[in-house]
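To start, the structure itself, in structure tokens.
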There are 2 protein chains.
Amino acid sequence: MTEKVVIIGGGTAGPKTAAKLRRERSDIEIDLYTQEDIISYSACGLPYFIENIIQNPETLIIRTPEDFQKQNINIHLKQKCLKVNTSEQTVLIEDLITKNKYEVNYNILVVATGAIPVLPNIAGIDLKNIFTLRTIQDGIDIKAKMQQSKKAVLLGGGYISVELLEAFVHNNIQVTLIEKNQQILKMFDEDFAQRITDYILGRNPGQVSILTNEEVVAFSGNQENEVKKVITASGKEIETDFVVLGTGVRPNTDFLSGTDIKLSINNSIKVDKTLRTSKYDIYAAGDCTDNFNLVTNRYIWVPMGSTANKEGRCAAINIAGGHCLFEGILSSTITKYFDFTISIIGINYKEAIELGFQPEFAIVTKRDKAGYMPNTGTVTLKLIADKNTHTILGIQGIGEGDVNKRINTVIPAILEKTKLESFMNLDLPYSPPYSPAIDPVLNAAQIVYQKING
Amino acid sequence: MTEKVVIIGGGTAGPKTAAKLRRERSDIEIDLYTQEDIISYSACGLPYFIENIIQNPETLIIRTPEDFQKQNINIHLKQKCLKVNTSEQTVLIEDLITKNKYEVNYNILVVATGAIPVLPNIAGIDLKNIFTLRTIQDGIDIKAKMQQSKKAVLLGGGYISVELLEAFVHNNIQVTLIEKNQQILKMFDEDFAQRITDYILGRNPGQVSILTNEEVVAFSGNQENEVKKVITASGKEIETDFVVLGTGVRPNTDFLSGTDIKLSINNSIKVDKTLRTSKYDIYAAGDCTDNFNLVTNRYIWVPMGSTANKEGRCAAINIAGGHCLFEGILSSTITKYFDFTISIIGINYKEAIELGFQPEFAIVTKRDKAGYMPNTGTVTLKLIADKNTHTILGIQGIGEGDVNKRINTVIPAILEKTKLESFMNLDLPYSPPYSPAIDPVLNAAQIVYQKING
């Protein structure tokens with residue numbers, strides 16, 4: 001009998017698992033079920049499609065169902081998984097077009113159902129022109145609305161909101177961003193969140209408002225049930241043509257309730273380093289799984305497209321009979337606001353205190369090339385290290401200069417728990433168009449080390 | 001009695017040692033002697049001054065003698081060190097203006113005399129308009145000559161020649177580069193040297209000639225003793241308006257011959273990790289010292305401005321009574337030819353074989369951002385790992401995309417001997433403007449790992 005692998009979910013991890021598994025093994029039957037009508041697309045690219053940096057949404061599609069069919073992978077679109085029966089090794093599928101329900105057998109099941117938006121419980125949330133951004137269709141709808149609008153409200157101050165803020169500002173929309181916490185981008189320390197806020201407000205004075213410590217209590221609409229006002233707890237009434245909810249996501253795992261598949265933080269699926277769940281014949285990959293943080297040695301939930309890709313690949317290798325361990329993550333994230341890069345790796349200073357480390361930090365602002373070169377940009381780095389072990393716990397980086405290079409330079413050192421005294425003399429290649437003679441990231445390490453060593 | 005530190009050399013490491021030492025200790029007398037008439041400048045910036053990307057050579061000066069004087073550091077210009085008497089703790093100095101000679105006492109001596117050009121033994125080498133590039137004055141002279149010339153010959157195919165090639169091509173000079181070995185940039189594997197050569201030749205067809213396996217046997221001049229032709233062993237006669245010799249450098253240590261200061265490879269000065277020489281009271285830093293290669297565990301000599309900075313800083317900390325270890329280098333280098341980055345870290349494949357490793361490699365060419373984003377560039381990486389240990393031995397990177405970020409990501413992993421199976425799943429931050437979901441450098445690691453694991 002041919003082994004039959006059933007994959008549930010068509011975003012990133014599912015298609016990656018399917019494609020890699022086929023490359024590893026030609027003898028396995030592979031069926032992928034997704035409730036959507038397209039598969040294998042880059043959701044991370046949607047803000048740039050909305051901004052109109054990308055014109056054609058189809059360029060976000062990595063592989064079409066036809067591409068998969070050529071590889072002898074069966075793609076089942078608009079087929080939603082309702083239940084998993086782990087003892088019978090079956091999944092219950094609903095055909096979203098015909099509404100028929102049917103069971104499918106598996107020998108190996110891969111759950112890759114991703115994440116779904118969390119909808120806040122606010123009066124008027126069902127009004128028209130209140131969007132979430134998850135699918136390509138969402139992107140098409142938001143872009144169309146933006147192109148005939150003058151004002152927008154973004155709810156929530158996470159990465160997607162910052163990216164949409166760029167998209168809207170670039171398209172001359174007046175934008176109000178509303179965040180219930182005291183800062184946007186809560187993964188950053190307060191000082192860096194403030195610097196980022198200052199940059200955003202300073203770049204297009206008058207076009208952007210950022211309201212923190214502010215909750216939305218209601219949306220009000222016109223006679224056509226189109227949202228027209230956002231009303232906040234402090235009594236503000238903000239006129240708008242549309243709203244995008246960037247109020248977070250959660251693992252898409254409700255259909256697993258009642259099964260013996262063990263869940264983890266935020267109802268993500270508990271997986272081991274081979275991406276296997278608590279059931280021997282069920283794997284999970286992507287945004288629906290939990291993540292092991294290699295700095296804190298704790299389980300967290302950080303849905304990221306890059307992790308989904310690696311997990312899908314790794315799961316496929318293991319299903320194929322190979323050996324791949326996905327050790328964990330460093331909560332690495334990056335985005336930009338126009339030319340201003342925003343990135344954080346590991347943990348911030350506040351978390352370090354909360355978790356019982358004895359952190360020390362340095363903040364440096366330096367030019368990213370030799371000072372006499374043209375077109376230098378500045379990078380501002382906050383490097384956090386542990387006083388006891390001299391290891392790096394995290395780095396935050398912002399600026400119009402080449403922040404990403406400095407951030408990436410630290411990442412293997414965080415993984416390897418490299419001591420500051422080694423890291424600060426790291427042999428980074430030097431040439432005036434690429435960095436100062438002593439790179440800003442080494443500078444930051446030197447300063448933290450000196451603060452620790454007194 | 002006040003402790004007296006004498007520093008010989010005014011390029012990079014000497015001034016860095018002086019400045020850092022003063023920050024650490026206000027009670028030490030610091031005297032710096034240099035044979036040049038300026039100190040503390042970035043020689044690495046000279047090609048960009050010649051290219052006229054930088055107009056004013058003074059911008060290359062990091063600190064002036066007056067800056068140092070304010071910090072109570074005595075700078076002695078045009079004062080050449082002729083001899084060191086280690087038993088008497090004196091140096092013999094010649095005043096290059098008055099020709100007077102005099103002795104100076106030290107408690108601690110720092111030798112930071114850098115490197116000097118190797119002049120090939122070729123008939124006609126004393127003709128006018130045959131230059132070497134080391135000092136700011138050299139840069140001024142070459143730039144002035146270039147601006148009234150149409151043709152140039154570069155001897156030697158190292159980094160400086162590639163940088164000068166850009167400078168000359170940018171200024172519409174017809175350039176011939178002559179290299180006696182079978183490839184330019186001998187630190188690269190032959191395949192990558194060829195790719196770089198192809199890029200250079202393809203960018204400005206007809207304006208650049210690169211002759212390899214070719215030796216210059218004579219320069220011939222006109223009646224004013226100006227060079228006019230370069231004659232090669234194969235009988236070529238190349239007309240030119242000027243010549244720049246990029247035929248290598250050697251440690252500037254001749255004045256130490258006959259002392260009991262131990263020399264090392266290429267007559268560089270043997271130093272330990274504290275930058276101390278074989279004499280307890282003598283330190284050395286910068287291009288005149290040997291280097292410990294952390295990949296091969298062998299001593300080599302790789303003069304680099306970044307290393308000089310770090311060594312100067314580290315020497316100063318140790319002289320001040322602190323503790324700083326400079327563990328070694330990874331032979332990291334980078335340059336560019338217009339928008340094309342050229343970089344190598346660690347050892348190449350050929351060296352790996354010669355040194356007894358069992359290397360495997362992967363070459364990947366990928367876009368540096370998500371494929372659907374505008375303005376992507378390609379990066380081509382050659383990642384070399386050891387089959388036995390699964391550790392990374394080196395990486396070569398070229399391309400118009402963001403090569404440097406990928407290169408830097410590997411560096412701590414080389415230092416830490418991170419295994420491929422960990423590195424290939426490294427949590428690099430992902431966003432479409434910064435990288436594909438799986439970064440090219442992780443891609444390269446995945447492929448090498450699969451080749452090793454069969």
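General remarks:
- The listed residues B:E66, B:E24 rank as B:E66, B:E24 when sorted by accessible area, largest first, using a 1.4 Å probe.
- For the peptide B:368-374, the mean number of other protein chain Cβ atoms found within 10 angstrom of a residue's Cβ is 5.
- By accessible area, using a 1.4 Å probe on protein heavy atoms only, the protein assembly as shown has 45% of its surface on carbon and sulfur.
- Diffusion of segment B:237-382 by Stokes-Einstein, at 20 °C in a medium of 1.002 mPa s and with Rh set to the Kirkwood radius over alpha-carbon pairs, works out to 116 µm²/s.
- Taking a straight Cα-Cα cut-off under 15 Å and skipping sequence neighbours fewer than 8 places away in the same chain, the aspartates and glutamates within cross-link reach of B:K270 are B:D254, B:D260, B:D281, B:D287, B:D290, B:E311, B:E327.
- Burial order of peptide ranges B:59-65, B:245-251 (average beta-carbon count within 10 Å, highest first): B:245-251, B:59-65
- Averaged over B:306-313, number of beta-carbon atoms from partner chains that fall within 10 Å: 5
- Computed on the Cα atoms alone, the convex hull of segment A:350-454 gives a volume of 89 cubic angstrom per residue.
- Working note: 222 nm ellipticity from helices only, DSSP H runs with n ≥ 4, each -39,500 (n - 2.57), summed and divided by the residues of chain B, gives -7500 deg cm²/dmol to the nearest 500.
- Counted over all Cα-Cα pairs of segment B:1-105, pairs farther apart than 18 Å make up 53 percent.
- When Rg and the Kirkwood radius Rh are both evaluated on Cα atoms of segment B:413-454, their ratio Rg/Rh stands at 1.01.
- Dimensionless Rg/Rh of segment A:148-187 - Kirkwood Rh, Rg from C-alpha atoms: 0.99
- Comparing Cα centroids, segment B:20-75 and segment A:152-231 end up 48 angstrom apart.
- Filtered trypsin sites (Lys or Arg not before Pro), segment A:293-397: DSSP coil and at most 10 other beta carbons within 10 Å: none
- Put simply, chains A and B cover up around 5600 Å² of each other's accessible surface, both sides summed, when a 1.4 Å probe is used.
- Members of B:K180/B:K228; A:K369/B:K369; A:K16/A:K262; A:K382/B:K186; B:K180/B:K336 lying beyond 28 Å, as alpha-carbon distances in this model show: A:K382/B:K186
- Within chain A, the selection of entire DSSP H helices by a Cα span of 27 Å or greater along the long axis and an average Kyte-Doolittle value of at least 1.0 returns an empty list.
- Across q = 0.13, 0.21 Å⁻¹, segment A:168-257 modelled as identical point scatterers on its alpha-carbon atoms has Debye log10 I(q)/I(0) values of -0.56, -1.14, in the order of the q list.
- Cβ-vector label at 7 Å, B:A123, separations to other copies in nm: 10.1
- In the protein assembly as shown, one over the average inverse separation of all distinct C-alpha pairs is 30.2 Å, which is the Kirkwood hydrodynamic radius.
- Where chymotrypsin sites (Phe, Trp or Tyr not before Pro) fall in DSSP loop in segment A:262-315, at most 11 other Cβ within 10 Å: A:Y280
- Taking N as its residue count, the alpha carbon Rg of chain A over 2.2 N^0.38 Å: 1.04
- Over segment A:141-217, all Cα pairs binned in 10 Å intervals from 0 give whole-percent P(r) values of 19, 54, 24, 3, listed from short to long.
- Peptide A:16-22 has a mean shielding of 0, counted as Cβ atoms of other protein chains within 10 Å of each residue's Cβ.
- Label-point separation in nm, B:Q69 to A:L355, each point 7 Å along Cα→Cβ: 5.3
- Too-long pairs where the Cα-Cα distance tops 22 Å, listed order kept, from A:K80/A:K143; B:K78/B:K279; B:K20/B:K70; A:K419/B:K279: A:K80/A:K143; B:K78/B:K279; A:K419/B:K279
- Spread of Cα-to-Cα distances over 10 Å intervals beginning at zero, given as percent, for segment B:51-142: 12, 29, 36, 20, 4
- Taking 7 Å steps out from each Cα toward its Cβ at B:E29 and B:S220 produces label points 6.0 nm apart.
The values are calculated or read from the model by the stated rules, or taken from the named source; none is laboratory data. Because the structure is predicted, anything quoted here is derived from the model rather than measured. No Cβ is skipped: glycine too gets one built from the backbone with ideal geometry, and neighbour counts run over all protein chains shown. Accessible surface areas use protein heavy atoms only, side chains included; no ligands, DNA or RNA. Shrake-Rupley method; radii C 1.70, N 1.55, O 1.52, S 1.80 Å.
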